[in-house]
Amino acid sequence: MGLRPGGWLLTALFMMPVIAAPAQSTAQRAEIETFRDSLAAVNDSVSLLAAEKHLIAHASRELRDSAMAHLRLGFLALRLGDVAGHKHYEDAASEFQWAVDLQSRWPYGWFGLGLAELGVGDSPMPLIRGLQNALGRDALTRSATDFARSADVDPAFVRGLVELSNTALRQRINVRLNVALDALRHAAATPAGHNPEVLLARARIEREVGSADSALAAADELVALRPDDAAALLEQSRARFRLGRRDGGDPWYRGLAIADPATVALYRSDVQFILPDSTLRAFDAAADPARVTLLRRFWNLRDRDELHLPGERLVEHYRRLEYARRTYRVASTHRHYDIIERYRPPTVDYDDRGVVYIRQGAPDDRASLELPGVPFNESWVYHRPGGDLLFHFVAQEGVTDFRLVESALDVVGYANAVRLENSGDLQGTELPLPARIGARQVRISSDSASKLRQRASDAALSQLAEQIVRSRQNLSPIYQRMLASGRGSASGLEAEERDIGRRSIRIGTSTDSWPLRYSTALPVAAQVLAIGGDSTTSIVQVAYAVPVDAIAAAHADSTSSLRIRASILGTDGSIAATADTSVGPVGGLAIDPARERIGVIALPVMSGHYTVRVGFELGRAGAVSTRDTIDVSSGRDTTLALSDVALGARSVPVWGKGRRGDTVWINPGAQFRIAEPLELYFEVNGVPRGASYRYEVKVTHPGAKSLLSPLLRLFGKGSYDFRAATTQRGTGSTDVVHFGIDLSNHNPGKYLLQVTVSSGGHERTSRRQEFVLMR
């Protein structure tokens, strides 16, 4: 007849020796681990309760003073807590405390007490929970203390070291990292110091406290022991990233490829604040190889998109994570949201400043207002070519939990901010005269008194709002305009400022960026033109001109190399071409060595639609273009297509090569002398052999349509328009148009050149190019 459920557990309990000993032997430790393993297999609370009842009866009759008996009861109660409910954790704590009182030098008593404290947890009442945190009596602190004691009484006790480290890493307040680190370093001289679990714990703790070299040493030893351990490879990569090393990417991807579910969760926690929602969903659904492909493509694209070296963006991400953990980690996971707090993060590891920092990096500037009774607040600005991003954070519930709000005026609360926006008053309202004339007091009705109090409140609110705006005036011109707008006329500007904040929250919490930054701007002129190529590829040509005057401003000398970086990306995010090259004073052509350094770089691509970004760096100065779109055509096109239009002059010796080997003159600065002809070049593709097509070239001055045009012509000032048109037969491949334009009878100023090509009466395409004429 078989045993009833759990009967084997009772049998195991009574077969174990229970003779008390003055010191915990190796056999006793093995016995406890065997007992714990047997408990882990039981999910039936009835069996566990029956086993507890029999063990209590046996211990109370014969072994009341047996530490081993109380350890068994403690671990049994812990399992009951996991299966049956919270109150059993308190029973476990009592049993472990008894075991500690009997044998204070046994590590398992302290270890079990730490586990029990984690199970008991903190008070469900916010007030008491807050007091526990303030006094260092929260569950994580209590358990960390107990785990530390287990490692203290036995430095070779692996489980205590590991749980101490894990608990310290989970703590948000009263963090015991130094306690864990001391214990781990003390254990280094024992056999436990080379245990893989202890090495992993030490690598994590060393990195967390900033000892990146020691963290890497522990991780390297661990990887040598377990080369196919995903958690070990992840920790090795984190340590390398902490040291700013790009070679951390290799173990990072290798670990991801073999990660078990627990380690995949660690990877996910590292990237969840940077991945777009769609990419995060794809990550969750992907298998091992697909996850690696997905994230490798994600990070490579970010490197190339903002002109960084391969692997740099991943290093920067981990640097931001580490900074956010130290600076913006929230103390409590219990969050309540107000109507003005429009962003809801996926987790509560960091406050909203941390989320923005992880995605956008350090702000270009910050501002805050500190006044009694005013919530802690900050505003950040990021200068971006497409418009500045402004973020406003308010900490209503504590100094470690800043939330995103739409407007700086939301510091005064949503209702008050709406009152201000409706009134448009950012300046203090004057109060009426005191209600006392001479020695005689004037009686005021209750309605009048209420109005007086309301006006006083409005005045104080307006004064506070003005102080808030004044504290932010260096962040953005919008605040300077608000201050200058005068009483009663700022409501439109307040709505505009709120729109900027709303847009910034949307962009800042759903995208990421890491633009190249330079202390000095480099005044470089550049043009990106899709022109030329051969039978298989097309060419994107980058022409540039850097004034030599800028070299001194960049703290460089005449022998300094100009670094040029470029990336061409497909609309699907694919990388079409990249460049990272340095051009010296000899390699780069020069109009006048004392005046300008100029040149051209070429990047081969296939025909298609792309985005291009180019960066230039000279000494401490630099410049990065916005991301521009280009259409690249080729001789294989079957529909009418027009290349970019190149304008140059022979006095500016910058040239590329056209599709037939023609010299293409390019003036990067697009500034020309009136007396010198312009060299025009473009290519037409997609016209069948023998079919006719027509091109028209038109130059227009902005003043050509003004009322003064007839008068200017009357006095011989010349026409503001130039037109040239012709009809040709297609060659079936690329047709090249190259001729000079004489504008010597035109006036200085800005002009627009437009090339239009049509074929078959239906197809039509055009390109434009702006330029400037000078004396």
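Quick notes
- Subset of the stretch 286-331 that is over 12 Å from the mean Cα position of the chain (by Cα), among the small types (Gly, Ala, Ser) and under 22 Å from ALA265 (Cβ atoms) - its residue that is modelled with the lowest pLDDT: ALA287
- Residues in the stretch 542-552 that are surrounded by fewer than 23 Cβ atoms within 10 Å (Cβ to Cβ) and part of a strand (DSSP E or B): PRO547 only.
- Scan of the stretch 1-49 for residues that are over 15 Å from LEU80 (Cα atoms), at pLDDT 50 or above and assigned to a helix (DSSP H, G or I), ordered by number: THR26, ALA27, GLN28, ARG29, ALA30, GLU31, ILE32, GLU33, THR34
- Residue tally, condition open to solvent by 20 Å² or more (accessible area, probe 1.4 Å) and assigned to a strand (DSSP E or B), over the stretch 750-760: 4
- The stretch 691-702, subset assigned to a strand (DSSP E or B) and aliphatic (A, V, I, L, M), residue nearest to SER759 (Cα to Cα): VAL697
- Test result for ALA649, in contact with a helix residue (DSSP H, G or I) (Cβ under 9 Å, 6 or more places away or on another chain) and of a type outside the set (S, T, N, Q): no
- Among the residues of the stretch 359-381, the ones that are within 18 Å of the chain's Cα centre (by Cα) and either surrounded by 21 or more Cβ atoms within 10 Å (Cβ to Cβ) or assigned to a loop (DSSP other than H, G, I, E, B) (or both) come to 7 in all.
- Residue check: SER269 meets all listed conditions (1) over 20 Å from the mean Cα position of the chain (by Cα); (2) surrounded by fewer than 18 Cβ atoms within 10 Å (Cβ to Cβ); (3) under 23 Å from VAL348 (Cβ atoms) but one, namely (1).
- Single residue of the stretch 67-121 satisfying the filter (surrounded by fewer than 20 Cβ atoms within 10 Å (Cβ to Cβ) and among the polar types (S, T, N, Q)) that is nearest to ARG149 (Cα to Cα): SER104
- Contact map, the stretch 377-400: residues that are over 30 Å from THR626 (Cα atoms) paired with residues that are β-branched (Val, Ile, Thr) and buried (at least 23 other Cβ atoms within 10 Å of the Cβ), Cβ distance under 7 Å, separation 6+ or inter-chain. Pairs shown: ASN377/VAL394; ASN377/VAL411; VAL394/VAL405; VAL394/VAL411.
- Against the list (1) modelled with pLDDT of 95 or more; (2) surrounded by 20 or more Cβ atoms within 10 Å (Cβ to Cβ), the condition ILE340 fails is (1).
- Looking at the stretch 580-690, the strands (runs of 3 or more DSSP E) lying wholly inside it that each contain 3 or more residues that are in contact (Cβ under 8 Å) with a residue 60 or more places away in the chain and open to solvent by less than 40 Å² (accessible area, probe 1.4 Å) sit at 596-605, 608-618, 621-624, 678-685.
The values are calculated or read from the model by the stated rules, or taken from the named source; none is laboratory data. Note that the structure is a prediction, hence the values are computed from the model and not measured. For neighbour counting, all protein chains shown are included, and Cβ atoms are generated from backbone atoms with ideal geometry for every residue, glycine included. These area figures cover heavy atoms from the full protein model, side chains too; ligands, DNA and RNA do not enter into them. Shrake-Rupley method; radii C 1.70, N 1.55, O 1.52, S 1.80 Å.
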